[in-house]
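Worksheet: the structure to be examined is printed underneath.
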Amino acid sequence: MTDEVGVITAGLTIATSRRPDGRAQIAIQYTGAEEWYTLTGSPAPLPPGGLAALQADVVQRVRHGGAAQASH
């Protein structure tokens, strides 16, 4: 689920980055496209495992489907 265009499907690329405020920005795009969209719920708090743990969690939830968002 994205803020800008709603649900997107197909081959996707997900990028997470740490913001100066300590939260994480999560962006998603159709693989190979130029446009990036904000994953709904982003920016999100970082879990104890940090950025890598958040990235792994988001990827798993996006693969599962069901209009995944940045946080549960």
> Calculated from DSSP H runs of 4 or more alone, at -39500 (n - 2.57) each and per residue, what is the 222 nm mean residue ellipticity of the chain, nearest 500?
Replying inline: -7000 deg cm²/dmol
>> I need to check one value: relative contact order of the chain, counting alpha carbon pairs closer than 8 Å and at least 6 residues apart, in percent.
In response: 30 percent
> Which whole-Hz couplings ³J(HN,Hα) result when phi for each residue of region 20-32 is put into the Karplus expression 6.51 cos²θ - 1.76 cosθ + 1.60, θ = phi - 60°, listed in order with x for Gly and Pro?
Replying inline: x, 7, x, 8, 10, 8, 10, 10, 9, 8, 5, 3, x
> Quick one: with all protein chains in place, what share of the accessible area of the chain is carbon or sulfur, to the nearest percent (1.4 Å probe)?
Replying inline: 54 percent
> Given (i) 138; (ii) 93; (iii) 84, which label gives volume of the Cα convex hull per residue in Å³ as computed from the coordinates?
Replying inline: (iii)
> Rg(Cα) of region 1-42 divided by 2.2 N^0.38 Å?
Replying inline: 1.15
> Roughly how many nanometres apart are two label points built 7 Å out from the Cα toward the Cβ at Ile14 and His64?
Replying inline: 1.0 nm
> Where the only charges are on Cβ atoms (+1 Lys, Arg; -1 Asp, Glu), what is the dipole of the chain about its Cα centre, to the nearest 20 debye?
Replying inline: 260 debye
> Helix 50-64 sits at what angle to the longest principal axis of the chain, using alpha carbons and giving 0 to 90 degrees rounded to 10?
Replying inline: 30 degrees
> Using the heavy atoms of the protein chains alone and a 1.4 angstrom probe, what is the accessible area of the chain per residue in square angstrom?
Replying inline: 59 Å²
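The values are calculated or read from the model by the stated rules, or taken from the named source; none is laboratory data. Quick caveat: nothing in here was measured; it's all calculated off a predicted structure. No Cβ is skipped: glycine too gets one built from the backbone with ideal geometry, and neighbour counts run over all protein chains shown. Surface areas here come from the heavy atoms of the whole protein model, side chains and all, with no ligands, DNA or RNA. Shrake-Rupley method; radii C 1.70, N 1.55, O 1.52, S 1.80 Å.
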